[in-house]
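Structure first, then comments.
The values are calculated or read from the model by the stated rules, or taken from the named source; none is laboratory data. What you see is a predicted model, and the numbers here were worked out from it, not measured in a lab. Heads up, the Cβs are rebuilt from the backbone with ideal geometry, glycines too, and the neighbour counts pull from every protein chain shown. Note: accessible area is taken over every heavy atom of the protein model, side chains too, but ligands, DNA and RNA are not part of it. Shrake-Rupley method; radii C 1.70, N 1.55, O 1.52, S 1.80 Å.
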Amino acid sequence: MPANFASALSFIVGSLAQLYLFVLILRLLLPWFRADFHNPISQAILKATSPLVIPLRRILPPVGRIDTATLVVAFVITYLTILVLLLIQGATASIGAIALSSVVYIILLTLRLFVFAIIVRVLLSWLAPGGHNPAMAVIYSITDPVLRPFRRIIPPLGGFDLSPIFAIILFGALTRIVSGFLPLPVM
């Protein structure tokens, strides 16, 4: 397979997998942050992930507020994606390296999701201050618990909330730390 075709195919497979993994991670996080499940965005997340999660939930019940079925589905999809990407690239890896990479990628995607949600929140506060829609409600429910500790330490200066900047810096540092544990940088 030509290198440019393999690169394009890897990009498509990786991108589609990451999009679905973002939705799975949102499904995992929404109960933790007590998001409104009557919200149309929350309903869409549930509908998009239920075909894979609900059958597995019969075998793996939640442990506290941790939805083990969703976590296992995210792990399996990440594992299979890495395996497919390795096959496309003509590379091989051990089962343990792929499993560790899967766990690290899920953590990295979760950190990216928080950064993305914080950036979207900041942009929406500039573009539509005081506005409300279902997407904003989900973003606020995810980012409020993350930004709250920073707001306690860093008060608004001249009406500007600087807590998102420090949260993004912290998530950037955590991303660099977690990336150090990645044995297979394929995604």
For the chain, the accessible surface attributable to carbon and sulfur atoms (probe 1.4 angstrom, ligands and nucleic acids excluded) amounts in percent to 75 percent
Computed [θ] at 222 nm, helices only, for the chain once each DSSP H run of length n ≥ 4 contributes -39500 (n - 2.57) = -26500 deg cm²/dmol
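Sorted by average packing, counted as other Cβ atoms within 10 angstrom per residue and highest first, what order do 3-11, 30-38 take?
Working: 3-11: 12.3, 30-38: 13.9.
Result, highest mean Cβ count within 10 Å first: 30-38, 3-11.
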Running Debye on the chain with equal point scatterers at the Cα sites and no solvent, what base-10 log of I(q)/I(0) appears at q = 0.11, 0.14, 0.19 Å⁻¹?
-> -0.58, -0.90, -1.34
With the Cα gyration tensor of region 82-187 giving a ≥ b ≥ c as the square roots of its eigenvalues, does the rule (a/c under 1.5 for rounded; else a/b larger than b/c for prolate; else oblate) give rounded, prolate or oblate?
-> prolate
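Tell me which trypsin sites (Lys or Arg not before Pro) from region 36-124 have a DSSP coil assignment and no more than 11 other beta carbons within 10 Å of their own.
Details: sites: 47, 57, 58, 65, 112, 121; in loops: 58, 65.
Here the sparse-neighbourhood loop sites are 58, 65.
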Using alpha carbon centroids, what distance separates region 122-162 and region 16-44, in Å?
-> 19 Å
Checking 64, 14, 172 against a Gaussian network model of the chain (alpha-carbon springs below 10 Å), the top fluctuating residue turns out to be 64
